[in-house]
1. With both partners inside region 55-256, how many of the DSSP beta bridges are antiparallel, as a percent to the nearest 5?
2. Quick one: what are the phi-derived ³J(HN,Hα) couplings along region 127-134, Karplus 6.51/-1.76/1.60 with θ = phi - 60°, whole Hz, x for glycine and proline?
3. Kirkwood Rh and Cα-based Rg: tell me the resulting Rg over Rh for region 55-256, rounded to two decimals.
4. Give me the percent relative contact order of region 55-256, please, defined on Cα pairs under 8 angstrom at least 6 residues apart.
5. Please give, to one decimal in nm, the separation of the simple spin-label points placed at GLU160 and THR43, each 7 Å out from Cα toward the Cβ.
6. Place the peptides 124-135, 194-205, 157-168 in order of packing, highest mean first, counting for every residue the other Cβ atoms within 10 Å and averaging per peptide.
7. Between region 68-102 and region 104-122, how far is it from one alpha carbon centroid to the other, in angstrom?
8. At 7 Å along the Cα-to-beta-carbon direction for both LEU178 and ARG212, put a label point, then send me their distance in nm to one decimal.
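FYI, it's all coordinate maths here, none of it is from the lab. All figures in this text were calculated on a predicted structure; none of them were measured in a lab. Every residue, glycine as well, gets a Cβ built from its backbone with ideal geometry; the counts of neighbours run over all protein chains shown.
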Amino acid sequence: MSAGGAGAAGPAVGLALLLLGSAAVEALEPGAPTGAVGAEAATPLPQLRAYEAPEPWRQPVAPLRIAEDTWQIGTAGLSVLLLVGDEGAILIDGGMPQAAGQVLANVRALGLAPADVKLILHSHAHVDHVGPLAGLKRATGARVLANAESAALLARGGAEDIHYGDAMVYPPVQADRLLQDGETVELGRLRLTVHFTPGHTPGSMSWSWQDRAPDGTPLRIVYADSMSAPGYRLLDNPATPASSRTIAPAWPRCARCPATCC
């Protein structure tokens with residue numbers, strides 16, 4: 001009975017919607033014919049453009065040993081660090097989205113399998129640092145660690161960035177664990193400390209750890225995130241009204257490293 005009633009009312013409802021649609025079109029552009037509104041005279045919408053990275057950011061290089069456990073396995077212009085320990089490896093950053101294959105190739109060049117990478121960390125959640133993290137997570141099965149600010153941006157794939165909007169997007173990735181400032185991340189003998197240094201992004205993180213030089217000399221290593229703010233609106237920005245107050249403490253904190261970071 002109810003289905004029949006709905007069917008009986010169908011023509012009248014359809015006519016009402018048609019008239020409403022025509023009125024809406026005329027209201028948007030008075031005098032224009034209904035249907036394709038000004039289609040012949042309209043200017044085509046702009047073509048979408050992908051973010052273009054400088055050539056050094058895309059130039060593959062062989063793994064470079066920094067210390068006993070620490071390797072640079074990124075490109076000529078972007079650092080991607082791999083810490084190799086007794087229970088697996090930790091990756092910090094990944095470079096541009098197209099660098100996933102290069103990163104995995106360098107992991108293999110060090111005699112490791114992708115599955116040996118157990119944890120994925122990062123400095124900040126822009127496309128040139130975390131672009132391939134979704135693919136690397138799938139390829140390795142590693143857990144992605146982030147703070148709350150970066151986790152939100154990672155989940156959006158870089159969209160709705162407070163300074164860049166949707167200009168630098170990448171495949172989204174979910175964080176598996178949320179970090180607190182000063183927390184220690186451990187994997188076997190590898191022990192890294194995270195330091196929240198908001199500046200380049202609200203979720204920027206710097207990392208510190210102990211390693212050894214080839215001759216056995218102890219080293220304190222700090223992987224400090226960028227503090228640059230290129231073209232940022234730091235004052236009276238409705239998207240981040242407290243940005244200047246948030247960033248200010250990070251500068252002296254970075255200046256005191258490595259003395260206070262390890």
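1. Details: 27 of 36 bridges.
Expressed as a percentage, antiparallel bridges in region 55-256 total about 75.
2. 4, 7, 10, 10, x, x, 4, 4
3. Working: Rg = 16.4 Å, Rh = 17.1 Å.
Taking Rh as the inverse mean 1/r over Cα pairs, Rg/Rh reads 0.96.
4. Result for region 55-256 is 15 percent.
5. 3.0 nm
6. For the peptides 124-135, 194-205, 157-168, the packing ranking is 124-135, 194-205, 157-168.
7. Rounded to whole Å, the Cα centres lie 8 Å apart.
8. My value for the distance between the label points is 3.9 nm.
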